[in-house]
Amino acid sequence: MELFRIKRDIPFMSYGKLTTTISLVTFILAVFFLFSKGLNLSVEFTGGTVMEVQYTQSANLADVRGRVDRLKLGEAQVQSLGTSRDVLIRLPVKKDVSAAQLSNQVLTALKAGDTQVELRKVEFVGPSVGAELVENGLIALTVVCLGIIAYLALRFEWRFAVSAIIANMHDVVIILGCFALFQWEFSLTVLAGVLAVLGYSVNESVVVFDRIRENFRKPGMKHMTTAEVIDHAITSTISRTMITHGSTEAMVLSMLLFGGAALHGFAMALTIGIVFGIYSSVLVASPLALALGIKREHMIKPPKQKQEAVV
Amino acid sequence: MNRYPLWKYLVIVVALIVSALYTLPNFYGETPAVQISSTRQSMPVDTAVMERVEGALKAHQITPDGVYLDGGSLKVRFKDTDVQIKARDVIEQALGDNYIIALNLLSASPQWLTKIHANPMFLGLDLRGGVHFLLEVDMKAALDKTMERYAGDIRRELKDKKIRYGTIRRDGETLTVQLRDQETLAAAEKAIVRTLPGLNLKADDANYTLKLALKPEEITRIESDAVKQNITTLHNRVNELGVAEPVIQQAGPNRIVVQLPGVQDTAKAKDILGRTATLQVRLVEDDPGKVNEAMAGSVPMGYELLDEMTPRGPTKILVKKDVELTGDNINDAQPGFDENGAPAVHIGLDSTGAGIFRQVTAENIGRRMAMILVEKGKAEVVTAPVIRSEIGGGRVQISGSMNPAEANDTALLLRAGSLAAPMQIIEERTVGPSLGKENIQKGFNSTLWGFAAIAVFMLVYYHVFGLISVLSLGVNVLMLVALLSMLQATLTLPGIAAIALTLGMAIDANVLINERVREELRNGMPPQSAIQAGYQHAWATILDSNVTTMIAGLALLIFGSGPVRGFAVVHCLGILTSMFSAVLVSRGFVNLWYGRRRRLSSISVGQIWKPEQEAK
């Protein structure tokens, strides 16, 4: 069985204008949503308390809300989580009440209504910790980008490094845009997923670049233009690209389906990230490298002139 | 040409055997156990305790599955949780309050595995349930307290040296001492430099003032002491909860992490950690008449019958209800030795405390004074020394009839009565035990189904090479789990996600290889050379792509915190094992299968479609 029966090289580079336009539009949309709606940051970043409780029967949300509101803990959010038995309660940071007391108070209030209620999870993060996490997250993102650029520049050529990182940052922005648009919760685990995507989709660009370099060096391809060489490289790796990403996507989808609420955000970030990863490394990174003026000479160092003039 | 030398096969076989051995403990599950440990050095858990426990269990017809001493604790295994809980009650009765008796789960893996340090993976709180706190120590309060104490010390010192001074003022981090003239200024400077080396002095000759500030190294010392003391206090409180494997450690300059795995009653845990213990100094009533009356059941008005903790078990002691002094006035308590070289506890009081103490001791020479630790309404006498003389100056020494271990325990308990500085919970994660179990199940299921989907696809698409890829992916899981078990790295839910993701990514290497082999065949290469060329060409790409993934993984490991770090550890380890399994192990399988055949006419990597043929 062979899924991809490609007779001729697909002229990917001639779609350059179209793909650039698509990328630009999605990118701008993502940035727009990021700014207009903003990320729905989890308590880890904003500070506050989140509690998960489970009832033996369907929970009466209105009753729960009433009980929580009566405690006067500020603007509390009460919503069901997955099933009707699970309830999520979100409380803002409060100055004079310690976190430990806060969740105990809520639980006592809920127990007064239904003794069967079970505390499943409490997460409290103080505001100072949240700020630190945001900072660390940004540092991690920067370090990942710089590290990858440095490695690719060393291993290939700076034009490749820059186009790969731009292509992948474009993925990251789109993932964030999706999270902003749908107001999915952005937690630390999601951040881990996003950074993992960054490392992963650079892979894709690496595989294509590897091929491009190999083709440049092949004597049989000397007569081909740079665009043709890139087309050939992409065409000959497309099968592998689809299969690998398909496999990873299968794993991630399995996490999305079976992983439950705790892994949902993480799996979602990866699902989107992998799909865009394929797109961007094939149709964004390579045209960018071309636009940056990559040439055969950049890849093949001219043989050193050993025979010096004999005097 | 596609043959490995023997040593390469041996490396693979050894790696497989070691991985299998270290993965094995994870399959045995856990058995319920009761763990007995002691907080006091004077009461070690030894064979005597073991005999007492065994005797008590025998008396109640409970047969344990195993009893053994491990480090400073005694572990007793039981058949099921019912027996375990019954046994805990029996042991608690037999040993009394002096020991920490906790329910625990022990790995059920056989002894020989434990002997080679093959233990199951260490599960994080999100998988086993429990409480995680991050506490921040208020350093400003700790420094304030120290400055307050220094002000008292200076006052005392100047009085002792008969140096006349005006006022001692504290603004923030500096103390200003107003003196009369040049002469007293010089004398004061000399006295303070000698007795309080932790201070920086600046004399102002024009105004006859002395400005004092803490030296930077002194500040560092105070801060680290404050954290240490708070950790000690937390240890004491946690011990009361009966948690088998609590983690209490410093995290950063002013933070403390407390992790209590397996705690069922999280509300109680928070209560106990958050409360403040108080230390009280009260007078003891030794009048035989009153003591007998109290022992008979009618405690006189204004008195209280309390327990005194001695190494021989609790004894009753009658104390007055009037509190002379509280832990607020105690700055420090350290074990040490008295002038005769006998073990002693040194207590430092602040100026208010010193004044009161002088008065109380002056009026009660010959009587006993009890140091009482009050926690959650339960009062316990830590020590009750006899007052031999009037004690002024705020430096108290308790000595006599104790060994160094007891001195250590007493100092620790006294310190526990007063936190060096207030603490605040700045992060909390509580996971109920049922959610933990669910998380394991869900994490496992998603990995399993993902793996199955990949396996089916690889088999259908690449036939024998697909099988080899799946086998090496299996080896990857095995090695990753073995590595995590060996390192005893903490496995969390994001860690399980990382295992799944790593597998999804690791297959990339095999796909690269298989596609390359196909391509070489398509280009007309004979099978053996196609295998050789396929692996060779794919290697550079695999290395590159793994390095970039590794960069992301390492950055997460370094800058991540909490769940992110749990993810990153497994992710990085997974990248390493996948390089080994996808390249070396899969090649080993290929060589074993195809490498020996001289005339290999075809290899099974799925159908290879050639565009030329199709065109005709």
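Would you pick out the residues in segment A:102-137 that are open to solvent by 60 Å² or more (accessible area, probe 1.4 Å), facing chain B (nearest Cβ under 9 Å) and either under 16 Å from A:ARG70 (Cβ atoms) or of a type in the set (A, V, I, L, M, F, W, C) (or both)?
Hit for segment A:102-137 is A:THR108, nothing else.
I'd like the residue in segment B:154-193 that is in a helix (DSSP H, G or I) and in contact with an Asp or Glu (Cβ under 9 Å, 6 or more places away or on another chain) and, out of all such residues, is surrounded by the fewest Cβ atoms within 10 Å (Cβ to Cβ).
The selected residue is B:GLN182.
Which ones in segment A:40-63 are more than 17 Å from A:ALA262 (Cβ to Cβ) and among the acidic types (Asp, Glu)?
A:ASP63
Among what's in segment B:202-223 and is part of a helix (DSSP H, G or I) and in contact (Cβ under 8 Å) with a residue 40 or more places away in the chain, pick the residue that is farthest from B:GLU189 (Cα to Cα).
B:GLU223
Assuming B:MET525 fulfils every condition listed in (1) open to solvent by 20 Å² or more (accessible area, probe 1.4 Å); (2) part of a helix (DSSP H, G or I); (3) of a type in the set (A, V, I, L, M) apart from one, which condition is it?
(2) is the only condition that B:MET525 fails.
Which helices (runs of 4 or more DSSP H) does segment A:2-71 wholly contain that include 1 or more residues that are open to solvent by less than 50 Å² (accessible area, probe 1.4 Å) and under 30 Å from A:THR237 (Cα atoms)?
A:16-36
Please state which of the following conditions B:SER545 fails to meet, knowing it meets all the rest: (1) surrounded by fewer than 24 Cβ atoms within 10 Å (Cβ to Cβ); (2) more than 29 Å from the chain's Cα centre (by Cα).
Condition not satisfied by B:SER545: (1).
Consider B:LEU413 carefully, then state whether it is under 30 Å from B:MET371 (Cβ atoms), assigned to a helix (DSSP H, G or I) and touching a helix residue (DSSP H, G or I) at 6+ places or on another chain (Cβ under 8 Å).
Yes: the conditions hold for B:LEU413.
Mind listing whichever residues of segment A:135-181 are touching a Cys at 6+ places or on another chain (Cβ under 9 Å) and hydroxyl-bearing (Ser, Thr, Tyr)?
None; the set is empty.
Say whether the condition of being under 30 Å from B:ASN476 (Cα atoms) and open to solvent by less than 60 Å² (accessible area, probe 1.4 Å) is met by at least one residue in segment B:31-43.
Yes, the conditions are met somewhere in segment B:31-43.
What are the pairs, 6+ residues apart or on separate chains, where a residue within segment A:180-193 that is within 14 Å of chain B (Cβ to nearest Cβ) has its Cβ under 7 Å from a residue that is open to solvent by 30 Å² or more (accessible area, probe 1.4 Å)?
Hits for this filter: A:GLU185/A:ASN40; A:PHE186/A:LEU39; A:PHE186/A:ASN40; A:PHE186/A:LEU41; A:LEU188/B:GLY562.
Only one of B:GLY432, B:GLY443 is small (Gly, Ala, Ser) and at pLDDT 85 or above. Can you tell me which?
B:GLY443
Can you find a residue in segment B:461-471 that is facing another protein chain (nearest Cβ under 8 Å), at pLDDT 85 or above and in contact with a helix residue (DSSP H, G or I) (Cβ under 8 Å, 6 or more places away or on another chain)?
There is at least one residue in segment B:461-471 that is facing another protein chain (nearest Cβ under 8 Å), at pLDDT 85 or above and in contact with a helix residue (DSSP H, G or I) (Cβ under 8 Å, 6 or more places away or on another chain).
Regarding segment B:451-471, can at least one residue be identified that is assigned to a helix (DSSP H, G or I), touching a residue at least 12 places away in the same chain (Cβ under 8 Å), open to solvent by 20 Å² or more (accessible area, probe 1.4 Å) and touching a Phe, Trp or Tyr at 6+ places or on another chain (Cβ under 8 Å)?
Checked segment B:451-471: at least one residue is assigned to a helix (DSSP H, G or I), touching a residue at least 12 places away in the same chain (Cβ under 8 Å), open to solvent by 20 Å² or more (accessible area, probe 1.4 Å) and touching a Phe, Trp or Tyr at 6+ places or on another chain (Cβ under 8 Å).
For segment A:268-291, how many residues meet the condition of being modelled with pLDDT of 85 or more and surrounded by fewer than 18 Cβ atoms within 10 Å (Cβ to Cβ)?
Total meeting the criteria: 1.
The values are calculated or read from the model by the stated rules, or taken from the named source; none is laboratory data. Because the structure is a prediction, the values reported are computed rather than measured. Heads up, the Cβs are rebuilt from the backbone with ideal geometry, glycines too, and the neighbour counts pull from every protein chain shown. SASA here: full protein model, heavy atoms, side chains in, ligands and nucleic acids out. Shrake-Rupley method; radii C 1.70, N 1.55, O 1.52, S 1.80 Å.
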